[in-house]
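Visitor: Sharing a structure here in C-alpha cells format.
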Amino acid sequence: MAAASSLCATAASSLLAPAGGAAQCSSSTALFPASVPRACCCYYPRLLLAFRRPAVAAVADPQGVVLEEEQGQEEEGGGQYDDDDYEDGYEGGRGPAFTPPTRPRTGKAALPLKRDRTRSKRFLEIQKLRESKKEYEVPTAISLMKQMSSARFVESAEAHFRMNLDPKYNDQQLRATVNLPKGTGQSVKIAVLTQGEKIDQARAAGADIVGGDDLIEQIKGGFMEFDKLIASPDMMPKVASLGKILGPRGLMPNPKAGTVSPNITQAIEEFKKGKVEYRVDKTGIVHIPFGKADFPEEDLIANFMAVVRSVERNKPSGAKGIYWKTAYLCSSMGPSIKLNIKEMLDYGSESSD
C-alpha cells in the first residue's frame, strides 16, 4: 500500500516537473497558489495531460517523460488517447457517438422531391401526364388540365401569373376586373348597400340582399352571408366604418373592383354573368379563376384569353423590363402546367383579331 502511494506521488511530481528537468519560470507565483509545488505556466500543459490522458499519467517515468511504448503508439496513429478524439462531434471525449445503420427508404419516402412525399397517390399518378419543365401551348395545356382534374368534385380552372411587379410601389400595383364571356360556373350571392329609389332597382336586377343603414348594422353584428358587396357612391361615407370588418375578407367596396358604381343595375348584372376581380399579391403573383374544369375546351380557352388580355391591358405605368415572368394553368386539386408566354400572347392577339 505504501509502495503504491509512493508511486503515485512520484508520478504526480514528475508531471509537475519541466520537460527539460531544470527550467525555471518567473511567473509561477502569478498563475498558481503557493500550495501547488513548483507550479507555473511551463508546467501547465503537462498538468492538462494528466487529466486528458489518465492512463499515460499513471505509467509516466520519474523524469516526467512519457514511456517510449506510448510514443510509438502515437507516432503510428494507434494511440488510445489521440488529440483528434477530443474534437466536437464526440460525446464526453470518449470516442465517436453511435450511429445506428440506416434502412433503405421505400414508398413515398424514396421519392427524390421532398414535396412529393406528402402528395396523394392520385396526385402522383396524374402528374405523370405532363412534363414539369416543358412549356405548353394554350390549347394543349387546357386539354391536359381537363385530363388531370380527377377529384370527386368539379374543380375550378385557375390561372397563376408571376409578373415583374413590386406592389409596395404605388405605380406597380395591379388591380382590375375582367368579364368572363362564358361565366364562372358558380352562383354569386350579391348584397347591395344603397338608399332611396335604388333599393327597388337593385331588387329588380337580381340582388340577393338589399339594404341601407339596417344592413350596415347587421354586418357590424357579424352578418357575412354574401360573396360580393356592391355600394352606391352616396353610401361610401357610412361604409367606411366597416373597413376593419370587410377589408381582411376582401369584401370592401372599391371603384377599381367595380363594386362602387352609380349604376347599380349594371354592376349586379356583370357580377351575375361572370365578372371576376383580380389583384397582384405581395410576391408579384396574380391568381385568377376562369371557370370550371367540366367546361368545354373552347369555353375555357375563351375565358382564359379574356383574362390574359385584361392583365396585359391593365399593365401598371411603373412596370419596367419584362412584364410577364411565368404563367401556369391548373385545376383546384391538380398539378400545374407551365405555359409558353410568347405563344400565349400571340394566341391572344390572333383570337382578338
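The values are calculated or read from the model by the stated rules, or taken from the named source; none is laboratory data. On a predicted model such as this, the values are computed, not experimentally measured, just so you know. For neighbour counting, all protein chains shown are included, and Cβ atoms are generated from backbone atoms with ideal geometry for every residue, glycine included. These area figures cover heavy atoms from the full protein model, side chains too; ligands, DNA and RNA do not enter into them. Shrake-Rupley method; radii C 1.70, N 1.55, O 1.52, S 1.80 Å.
Visitor: For residue 310, which of the numbered conditions (1) in contact (Cβ under 8 Å) with a residue 12 or more places away in the chain; (2) in contact with a helix residue (DSSP H, G or I) (Cβ under 9 Å, 6 or more places away or on another chain) fails to hold?
Guide: That leaves (2) as the condition not met.
Visitor: Please verify whether residue 185 is crowded, with 18+ Cβ neighbours inside 10 Å and at positive phi, treating the condition exactly as stated. Break it down into steps so the answer makes sense when it comes.
Guide: Values: crowded, with 18+ Cβ neighbours inside 10 Å: yes; at positive phi: yes.
Against the criterion (crowded, with 18+ Cβ neighbours inside 10 Å and at positive phi), residue 185 qualifies.
Visitor: Using the structure shown, decide if residue 329 is aliphatic (A, V, I, L, M), outside any helix (DSSP H, G or I) and touching a helix residue (DSSP H, G or I) at 6+ places or on another chain (Cβ under 9 Å). Before the answer, list the steps.
Guide: Details: aliphatic (A, V, I, L, M): yes; outside any helix (DSSP H, G or I): yes; touching a helix residue (DSSP H, G or I) at 6+ places or on another chain (Cβ under 9 Å): yes.
Yes: the conditions hold for residue 329.
Visitor: Taking the range 246-288 only, how many residues are over 23 Å from residue 313 (Cα atoms), under 32 Å from the mean Cα position of the chain (by Cα) and not in a loop (DSSP other than H, G, I, E, B)?
Guide: Summing the residues that are over 23 Å from residue 313 (Cα atoms), under 32 Å from the mean Cα position of the chain (by Cα) and not in a loop (DSSP other than H, G, I, E, B) in the range 246-288 gives 1.
Visitor: Quick test of your reading of the structure: residue 265 fulfils all but one of (1) more than 20 Å from residue 167 (Cβ to Cβ); (2) in contact with a strand residue (DSSP E or B) (Cβ under 8 Å, 6 or more places away or on another chain). Name the failing condition by number.
Guide: (2)
Visitor: If the requirement is being under 30 Å from residue 201 (Cα atoms), among the charged types (D, E, K, R) and in contact (Cβ under 8 Å) with a residue 40 or more places away in the chain, which of these qualifies: 269, 297? Break it down into steps so the answer makes sense when it comes.
Guide: Working: 297 fails: under 30 Å from residue 201 (Cα atoms).
Just a single option satisfies the conditions, and that option is 269.
Visitor: Working only within the range 285-342, note down all residues that are touching a His at 6+ places or on another chain (Cβ under 6 Å) and surrounded by fewer than 15 Cβ atoms within 10 Å (Cβ to Cβ).
Guide: Within the range 285-342, just 287 meets the criteria.
Visitor: With the requirement that a residue be β-branched (Val, Ile, Thr) and open to solvent by 10 Å² or more (accessible area, probe 1.4 Å), what does the range 257-282 give you?
Guide: First, pick out the residues of the range 257-282 that are β-branched (Val, Ile, Thr): 259-260, 264-265, 268, 276, 280.
Matches in the range 257-282: 260, 265, 276, 280.
Visitor: Does at least one position in the range 203-215 carry a residue that is in a helix (DSSP H, G or I), farther than 18 Å from residue 177 by Cβ and of a type in the set (Val, Ile, Thr)? Working first, answer last.
Guide: Of all residues in the range 203-215, those in a helix (DSSP H, G or I) come to 203-205, 213-215.
Remaining after also requiring farther than 18 Å from residue 177 by Cβ: 203-204, 213-215.
Checking the rest, the ones that are also of a type in the set (Val, Ile, Thr) come to none.
Checked against the condition, which is being in a helix (DSSP H, G or I), farther than 18 Å from residue 177 by Cβ and of a type in the set (Val, Ile, Thr), the range 203-215 yields no hits at all.
Visitor: Exactly one of these conditions fails for residue 240: (1) at pLDDT 90 or above; (2) assigned to a helix (DSSP H, G or I). Give me its number.
Guide: (1)
Visitor: Sticking with this structure for a sec: If I filter the range 205-223 for residues that are of a type in the set (D, E, K, R), open to solvent by 30 Å² or more (accessible area, probe 1.4 Å) and touching a residue at least 40 places away in the same chain (Cβ under 8 Å), do I get at least one hit? Outline the logic, then answer.
Guide: So in the range 205-223, the residues of a type in the set (D, E, K, R) come out as 208, 213-214, 217, 220.
Filter once more, so that each one left must be open to solvent by 30 Å² or more (accessible area, probe 1.4 Å): 208, 213-214, 217, 220.
Then drop every residue that is not touching a residue at least 40 places away in the same chain (Cβ under 8 Å), which leaves none.
Checked the range 205-223: no residue is of a type in the set (D, E, K, R), open to solvent by 30 Å² or more (accessible area, probe 1.4 Å) and touching a residue at least 40 places away in the same chain (Cβ under 8 Å).
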